[in-house]
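Each reported figure results from applying straightforward, stated rules to the coordinates on display, with no laboratory input. If you're wondering where the values come from, they're calculated on a predicted model, not measured in any experiment. Using ideal geometry, Cβ is built from the backbone for each residue, glycine included, and neighbour counts are taken over all protein chains shown.
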Amino acid sequence: MTMIENVDLTLVGWSRAQFALTAAYHWLFVPLTLGLSFILAIMETIYVRTGKEEWKRLTRFWMTLFGINFAIGVATGIILEFEFGTNWSNYSWFVGDIFGAPLAVEGILAFFLESTFVAVMFFGWNKVSKKFHLISTWLVAIGANLSALWILVANAWMQNPIGMVFNPETARNEMVDFWAVLFNQVAIDKFLHAISSGFLLASMFVLGISSWFLIRKREELLAKRSILIAGVFGFLSSLLIAYTGDSSARTLSKVQPVKFASMEALYQGKNNAGLVAMGFLKDSDKKIEEEVIKDFVFKIELPGFLSILTGGDKTGYVPGIIDHVSGNKEKEILSVSEKINRGQYARNVLKDYKSARTAGDKEQVEKIKAVFQDKVFRENYFRYFGYAFVDNPGDVIPNVPVAFYSFHLMVMLGFFFILLFAMAVYFLFRGTISKKKWFLWIALLSIPLPYIAGELGWVLTEMGRQPWIIQDLMPVSAAVSQISSGTVITTFILFAVLFTALLISEISIMVKQIKTGPKQ
Amino acid sequence: MKYSFPVMNRLFRFYYEGFSNMSSWGRKVWIIIIIKLFIMFAILKIFFFQDFLKKKYDNDKQRSEYVLDQLINSSDDHD
């Protein structure tokens, strides 16, 4: 890539690594807050409706663990905003208010939520009415999840940039359709998939810890009550995840087709394309544009399923990576070379704008500004602006094994969760759960698995989009600030230490509280 | 204004009593929150995470000029 030749590769690599580290750690705290807040609200609702003190004890016990996670995780996301301004200044400027507006809403919402309703949740027992306390708990749950919506809207725009017009005068994209940004299909899929993954993770957390109490023969009634809520909530969430995951994949096949083909390792497009349930990849002796094509050592495939999932019909054609790189006239898919030409054309128009402005030619400046407003230019040329930075068409292929394995491991874990929650509910209603020691151990040891599945999902989202930071508009290499890579390495280490210390603190305080158990 | 003082007083007492009667885990996490925020805003933000464009340029016009150059200058080897 041209831009890569001009920037320090170490700088790009470390900036990416730093962002990945902070985002991955941040996501260790967030999903538990999203899901556990709803579990608390459900438990407290039962308490208020039945008046049984055991439900209050239960709610307060899980609320303690929620509080620890909430407090340790709070503000860890702000570090990502620091990084945007320092490490990714070109990107931050280029995205303009599209990224800033949702983040500002998220910040305001989080502030009011945290300073009011969370305080009522923790300090308000016996000080406010039962109903007001319950409303506060529900508002924390709804508010935390709505807060996540805005950051996911911003991320979705990076995957599918819509609802904006580029202004050459400010060198920024300006939002022209807020609703298009908010109701971006990627944002809807992403939000529902992310919050349901939080519900599932929290359910597994409650199920696993309750299983530990049953293994230790402590607090059996409360543990069974918790398993009832977590089992049902987790089972429904795992089904919702499967549904939203399927919807996400369908959207992906339209807006990020190279990522979609990569996560299935589908190089050659075909009709009656099979869905790979499981497989192992190896390097083949074939290449596409200097990139080695991967082949399957073995695979288990469901024939025709990929065509059905994407087109609703077994005979539907699913384009592969080669179709997207070399183009396919019959299927009206542009080659990367053609996109490079269009991207370069858009950038030459931008260069002409700059020359006219430097020469003080106001008439020409206004004329070119109007070109950037023109729908034909935007949809046929500017949308490929990022390709102007690409030298080799093969550069637009992401790391196929990373996309393939992260996707398939996540899906396998998803099916495991459905089975596990279904078994938990089944054993509970049969009244045999306390005797099923093997199951209780599996549930306890499964606590880290939804965390792993969530991180794999983000790996697929972000690495599967490479080389783009904004799909088709800006490659990662063009987004980075020209700063010293030494500074980025230093802060990478500082973050690694800070976040690891936070995580150790969280786990140790939580383990102590779990061992103490619910208060009498 | 006449009615706002009792409300403010109740709000103050609510938070004051909440913090005063906090459990040991509550105190621990508040210490962690304070240390964390201090590291983030008093060390990292000030010494390591200054806004690149704000630090380098005085106004938005200069900043947009810089980003525009970044976007178009790297195309030289294509032309």
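What to note about this one:
- Each stretch of four or more DSSP H residues adds -39500 (n - 2.57); spread over every residue of chain A, this sum gives -23500 deg cm²/dmol at 222 nm.
- Of the DSSP H helices in chain B, those with a Cα length along their own long axis of 18 Å or more and a mean Kyte-Doolittle hydropathy reaching 0.5 comprise B:24-37.
- Based on C-alpha pairs under 8 angstrom that are at least 6 apart in sequence, chain A has a relative contact order of 22 percent.
- Once the Cα gyration tensor of chain A is diagonalised, semi-axes √(5λ) in Å: 44, 28, 20
- The dipole here belongs to segment A:268-398: it is taken about the Cα centre, uses +1 on the Cβ of Lys and Arg and -1 on the Cβ of Asp and Glu, and is about 400 debye.
- Entry note, chain B: the mean residue ellipticity at 222 nm calculated from DSSP H runs of n ≥ 4, each adding -39500 (n - 2.57), is -20000 deg cm²/dmol after division by the residues and rounding to the nearest 500.
- Farthest positive-ward along segment A:224-280 dipole, Cα basis, beta-carbon charges - from A:Ser237, A:Met263, A:Ala277: A:Ser237
- Counting other Cβ atoms within 10 Å as a rough exposure proxy, the listed residues A:Arg60, A:Arg16 run A:Arg60, A:Arg16 from fewest neighbours to most.
- Cβ-based exposure ranking for A:Val48, A:Val258, A:Val176, in which fewest neighbours within 10 Å come first: A:Val176, A:Val48, A:Val258
- Legend: mean number of C-beta atoms from other chains within 10 angstrom of residue C-beta atoms, peptide B:44-55, equals 6.
- A:Val511/A:Phe280 FRET efficiency (R0 45 Å; Cβ-Cβ; nearest 0.05): 0.75
- A Cβ-based charge dipole, computed about the Cα centre of the protein assembly as shown with Lys and Arg at +1 and Asp and Glu at -1, lands at about 3500 debye.
- Extension gain, A:Asn271 to A:Glu169, is 32.1 nm, computed as 0.36 nm per intervening residue step minus the present C-alpha separation.
- C-alpha center-to-center spacing [segment A:243-279, segment A:395-450] in angstrom: 22 Å
- With 21 Å as the limit, the listed pairs A:Lys435/A:Lys519; A:Lys254/A:Lys331; A:Lys437/A:Lys515; A:Lys56/A:Lys436 have A:Lys435/A:Lys519; A:Lys56/A:Lys436 beyond it between alpha carbons.
- Taking the C-alpha atoms only, the angle from helix A:53-73 to the longest principal axis of chain A is near 30 degrees.
- Between A:Ile469 and A:Met474, A:Val476, the built amide H atoms are under 5 Å apart, and every one of these is 5 or more places off in sequence or on another chain.
- Here segment A:458-495 and segment B:6-79 have alpha carbon centers that stand 20 Å from each other.
- Computed E for B:Ile46/A:Thr10 - FRET, C-beta separation, R0 25 angstrom, nearest 0.05: 0.50
- Here's the list of aspartates and glutamates a cross-link from A:Lys52 could span, going by alpha-carbon distance under 18 Å and ignoring same-chain residues fewer than 8 apart: A:Glu44, A:Glu219, A:Glu220.
- Helix axis angle, A:130-159 relative to chain A longest principal axis, alpha carbon, degrees: 20 degrees
- Debye intensity ratio I(q)/I(0), log10, segment A:268-398, q values 0.11, 0.13, 0.19, 0.21 Å⁻¹ (C-alpha model): -0.58, -0.72, -1.09, -1.19
- Amide H contacts of A:Trp88 (H built 1.01 Å from N, in plane; Pro and chain starts excluded): A:Ser481 sit under 5 Å, all sequence-distant by 5 or more or on other chains.
- Size-normalised alpha-carbon gyration radius of segment A:148-202, reference 2.2 N^0.38 Å: 1.32
- Positive-end ranking of B:Phe14, A:Ala424, A:Leu207 along the dipole of the protein assembly as shown, with charges on Cβ about the Cα centre, is headed by B:Phe14.
- Violating pairs (Cα-Cα greater than 30 angstrom) within the set A:Lys130/A:Lys224; A:Lys512/B:Lys36; A:Lys259/A:Lys287; A:Lys339/A:Lys367; A:Lys287/A:Lys351; A:Lys190/A:Lys287: A:Lys287/A:Lys351; A:Lys190/A:Lys287
- Placed amide H near A:Asn271: partners under 5 Å, 5+ positions off or other chain: A:Val318
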